[in-house]
Every structure is written in structure tokens, then in C-alpha cells.
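Bear in mind that the values in this text are calculations on the coordinates, not laboratory data. Predicted model only: the values in this text are computed from it and were never measured. Glycine also receives a Cβ, built like all others from the backbone with ideal geometry; neighbour counts cover every protein chain displayed.
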Amino acid sequence: MYHPFSVAETIKTAWDIFKKNFITIIVYSVIVFLILAALAFIVEFFVPPGSYYMDMLASFILLFVQAYTTLGLYKLIFTLIDSDLYEFEFSQIVPKVKMIFSYLAVAFIFATVFVTFKLLLENFITNEILGEVLFILGVIGGLYLILRIMFFNTFIVDDDSGPIESLKQSFQLTKGYLLKVLSILGIILLLIAVPAQLSQYFPPASLFIIFSYPFVNIILMVTYRKLVYSHQDVDDIVAETL
């Protein structure tokens, strides 16, 4: 039987998946944490300060690894969700090169939009009141845009979509569900922001990110699967949304 999209049910489903696959997900998260920490250490101590080309190369490598590990986590979680339906191999959780470049392309698009808007405010808007109004409108527009495109990653991984296609699909998926998607986004930000804030006073609290980061991504992917079902007007068993 079809069930309407529910925020509470989505969080419960995500928690059940997290508990069931806890060891696998945490081992992956720890490995990623150590890799990124090692790369950050290398950049900090071995890249000469003020070296423009070395800084650019280091930034690109870090961005590429971050994209690879993020999409790898998505592949892993989708595979674990669907593993109730079939057996899987390690090769199935390795992201394709196309996926990585699609992810980076979307990141580049929005970085360009952000930088362009920032330069516009700083260099071409001389009226202070007008600048503040545009800034507020930019924040509101940015939040709306985040709500509409927050599932582009899932389409890149689950549907092998390109950068523009994934953005269009995310816009279509969130149509009619903005308030519920906003609730999900609020929960995700809370789970990330609280340990980040606590770590300023108690540094070991930052390790909680190893647990909260994969969990919030599971929430995102379960939300995606359930929204797909809602649009298709069929049953909402997450593992069967293919």
C-alpha cells in the first residue's frame, strides 16, 4: 500500500539502516577520516606557503579525494540498502570517474555563482541599503536553491546522471515537498552543527562527526528514495526503489 512521505518515518528508516550496517559504515567513515586527515597534514607541513601552483594542486587533490570518498559513501549506502534484494561485490561501491566529474562540475557551477554574486555586492553595489537588501535576497535565494538541488548527489550515484541532468531531476523530485524537505535539511544541519559547536569547547567531540556524517547522508538517501516513491505513487519500501 502507498504511504504519503513522512519525515518521522524517514528518520526511523534511516536509523534502522544505520544500526543494521553500523560496522561497515563506521569502518568506511574512519578510513575516510584518516585519509583526509593525512592529506591535510601533508598539505599543511609539506606544501610551501605562498606557492600559488602548489596550493592550487593541493586544493584540487583534496577536492578530488573528498568527491571520491563522498560518492563512495553514497555508493556504499545504496548498495547496503539494496543488498536485501541481491548479493553485491566490492566493485559495486567504487564510484565511476564520470560520477566524480559530474559532482565536481556541479560544485564548480555553484562556486562560480557564489563568487560572482559576492563580487557583485563588493564591487558594483555602492548603496549600503541596497547591498543589505540584495544580501538578504541572496541568502533566501541560496536556501531555496539548496532545498531544490540537495538530491543531485543521489541522482549522480543512483541514476548515473550528468551534472545538469541531476540538477533538473532534483528540482523535479522536490516539487511539492519543500516544507518536508526543509524539515529534513534542518535535522541534517542540527546533527552536523551540534558536534561542530561542541568540538570548540571539547575537541574530542569532533570525533562524533564520524558517526553523524554517514547518518545524515543515510537520511538524505532514504528521503530521496521515499520521494521517488511518492512521485511514482507506489509503495515506499526503500530497498525496492530502483
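Which pairs, out of K12/K175; K12/K98; K98/K175; K19/K175; K19/K96, put more than 29 Å between their alpha-carbon atoms?
On the way: K12/K175 23 Å; K12/K98 33 Å; K98/K175 27 Å; K19/K175 31 Å; K19/K96 27 Å.
In this structure, K12/K98; K19/K175 exceed 29 Å between Cα atoms.
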Under DSSP H, which helices of the chain have Cα atoms covering 27 Å or more of the helix axis and a Kyte-Doolittle average no less than 0.5?
22-46, 52-82, 97-123, 128-149, 178-198, 209-232
GNM top mover of L191, L39, L120 - the chain, alpha-carbon springs below 10 Å
L120
Of I25, I77, P214, whose Cα points farthest to the positive end of the dipole of the chain (charges on the beta-carbon: +1 Lys, Arg; -1 Asp, Glu; origin at the Cα centre)?
P214
Could you identify which residue out of D160, D16, D55 has the top mean-square fluctuation in a GNM of the chain using Cα springs shorter than 10 Å?
D55
Under a 10 Å cutoff between Cα atoms, tell me which one of I219, I125, I61 has the largest fluctuation in the Gaussian network model of the chain.
I125
What is the chain's relative contact order, in percent, from Cα pairs under 8 angstrom and six or more apart in sequence?
31 percent
Dipole magnitude of the chain about its Cα centre (Cβ charges: Lys, Arg +1; Asp, Glu -1), debye to nearest 20
200 debye
Which of [x] 44, 39, 34; [y] 75, 50, 31; [z] 58, 44, 39 gives Cα extents along the principal axes in Å as computed here? It is [z]
Kindly provide the trypsin sites (Lys or Arg not before Pro) of the range 115-178 that DSSP labels as loop, not H, G, I, E or B, and whose Cβ sees at most 13 other Cβ atoms within 10 Å.
K175
